[in-house]
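J.: After the structure tokens below, expect a handful of questions from me.
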Amino acid sequence: MKKYLAEMIGTMVLVLMGCGAAVSLSCTPAGVGVPGVVGTALAFGLAVVAMAYAIGGISGCHINPAITLGVWLSGRMNGKDAVMYMIFQVIGAIIGAAILFGITPGGLGENACQEGISLGTGFIAELVFTCVFVLVVLGTTDAKKGAGNFAGLAIGLSLVLVHLVCIRYTGTSVNPARSIGPAIFAGGAALSQLWIFIVAPLCGGALAAGLWKIIGKE
């Protein structure tokens, strides 16, 4: 149970800090600017780095169902733990979004396809960028080929990079739990388009697991 609770806390922190920065820096469809994009990207990345070193030794710090799926498909965890991780990640995301909902006057850093971006384009963006992100996770945490104690830093920086590119298209999810929490409270497009931010990242995580099996095997 400790590792499940760790995943819940870690995901709560990710949503609270990452989405909280998006709100504070006005990184929204109505007001996206360079400071907001860069600040939000750094917030999500730093949240991952912080949690990686805080709870990584307890749960591995997935705090993302797409990562958990990739890890499971790579044979690094059993199915029961994978399902429980995902459940507690979503719970944590909802808690983080609820806190943010209670303290912010408007906006929750929710995900939706940005102006001029079709649902198909948004889906492809989330699939591709999740695949890249999860591939970094699988590579840096590999027992033999990984980055060891620097894995958390590499993963956090890769999430910063993904956000810098993808915010323009979808606000950047690459994490179903991160999208579910804010969508519940925000409603509107965030809720009607939520399927994109669940299905595409999970497909991206599965694709990353397949690619790692090809390039990472002995």
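The values are calculated or read from the model by the stated rules, or taken from the named source; none is laboratory data. Model, not experiment: these values are computed from the prediction. Virtual Cβ from ideal backbone geometry, glycine too; neighbours counted across all protein chains shown.
J.: Could you tell me whether any residue of the stretch 198-207 is more than 15 Å from the chain's Cα centre (by Cα), surrounded by fewer than 21 Cβ atoms within 10 Å (Cβ to Cβ) and at pLDDT 95 or above? Quick ask: steps written out before the conclusion?
T.: Filtering the stretch 198-207 for residues more than 15 Å from the chain's Cα centre (by Cα) gives 207.
Subsequent filtering for residues that are surrounded by fewer than 21 Cβ atoms within 10 Å (Cβ to Cβ) retains 207.
Now drop any that are not at pLDDT 95 or above, which leaves 207.
The answer is yes; a qualifying residue exists.
J.: I need a count of the residues in the stretch 170-217 that are charged (D, E, K, R), touching a residue at least 12 places away in the same chain (Cβ under 8 Å) and more than 17 Å from Val23 (Cα to Cα). Before you say what the answer is, go through the steps one by one.
T.: Our first condition is that a residue be charged (D, E, K, R); within the stretch 170-217, this holds for 178, 213, 217.
Keeping just the survivors that are touching a residue at least 12 places away in the same chain (Cβ under 8 Å) gives 178, 213.
This time we only want the ones that are more than 17 Å from Val23 (Cα to Cα), so: 213.
Summing the residues that are charged (D, E, K, R), touching a residue at least 12 places away in the same chain (Cβ under 8 Å) and more than 17 Å from Val23 (Cα to Cα) in the stretch 170-217 gives 1.
J.: Further question: Yes or no: the stretch 32-40 includes at least one residue that is within 19 Å of Leu138 (Cβ to Cβ), among the β-branched types (Val, Ile, Thr) and surrounded by 18 or more Cβ atoms within 10 Å (Cβ to Cβ).
T.: Residues of the stretch 32-40 that are within 19 Å of Leu138 (Cβ to Cβ), as a first pass: none.
Checked against the condition, which is being within 19 Å of Leu138 (Cβ to Cβ), among the β-branched types (Val, Ile, Thr) and surrounded by 18 or more Cβ atoms within 10 Å (Cβ to Cβ), the stretch 32-40 yields no hits at all.
J.: Would you confirm whether any residue within the stretch 88-99 is more than 13 Å from Cys203 (Cα to Cα), of a type outside the set (Phe, Trp, Tyr) and part of a loop (DSSP other than H, G, I, E, B)? Spell out the reasoning first.
T.: Looking only at the stretch 88-99, we keep the residues that are more than 13 Å from Cys203 (Cα to Cα), and these are 88-99.
With the extra rule that they be of a type outside the set (Phe, Trp, Tyr), the set shrinks to 89-99.
Going one step further and asking which of them are part of a loop (DSSP other than H, G, I, E, B), we end up with none.
No.
J.: Going by what's in this entry, would Ile67 be described as in a helix (DSSP H, G or I), over 24 Å from Ala208 (Cα atoms) and either touching a Leu at 6+ places or on another chain (Cβ under 7 Å) or touching a residue at least 12 places away in the same chain (Cβ under 8 Å) (or both)? Reasoning before the result, please.
T.: Numbers: in a helix (DSSP H, G or I): yes; over 24 Å from Ala208 (Cα atoms): no; either touching a Leu at 6+ places or on another chain (Cβ under 7 Å) or touching a residue at least 12 places away in the same chain (Cβ under 8 Å) (or both): yes.
Considered against the rule, which asks whether it is in a helix (DSSP H, G or I), over 24 Å from Ala208 (Cα atoms) and either touching a Leu at 6+ places or on another chain (Cβ under 7 Å) or touching a residue at least 12 places away in the same chain (Cβ under 8 Å) (or both), Ile67 comes out as no.
J.: Next up: Could you tell me which of the residues Gly36, Gly57, Gly45 is assigned to a helix (DSSP H, G or I), touching a helix residue (DSSP H, G or I) at 6+ places or on another chain (Cβ under 6 Å) and not basic (Lys, Arg)?
T.: Values: Gly36 fails: touching a helix residue (DSSP H, G or I) at 6+ places or on another chain (Cβ under 6 Å); Gly57 fails: touching a helix residue (DSSP H, G or I) at 6+ places or on another chain (Cβ under 6 Å).
The unique qualifying residue is Gly45.
J.: Out of Leu191, Leu164, Leu211, Leu202, I need the residue that is closer than 19 Å to Cys27 by Cβ and aliphatic (A, V, I, L, M). Which one?
T.: Of the residues listed, the single one that is closer than 19 Å to Cys27 by Cβ and aliphatic (A, V, I, L, M) is Leu164.
J.: Of the residues in the stretch 113-169, how many are in contact with a helix residue (DSSP H, G or I) (Cβ under 6 Å, 6 or more places away or on another chain), small (Gly, Ala, Ser) and under 22 Å from Thr40 (Cα atoms)?
T.: Residues in the stretch 113-169 being in contact with a helix residue (DSSP H, G or I) (Cβ under 6 Å, 6 or more places away or on another chain), small (Gly, Ala, Ser) and under 22 Å from Thr40 (Cα atoms): 7 in total.
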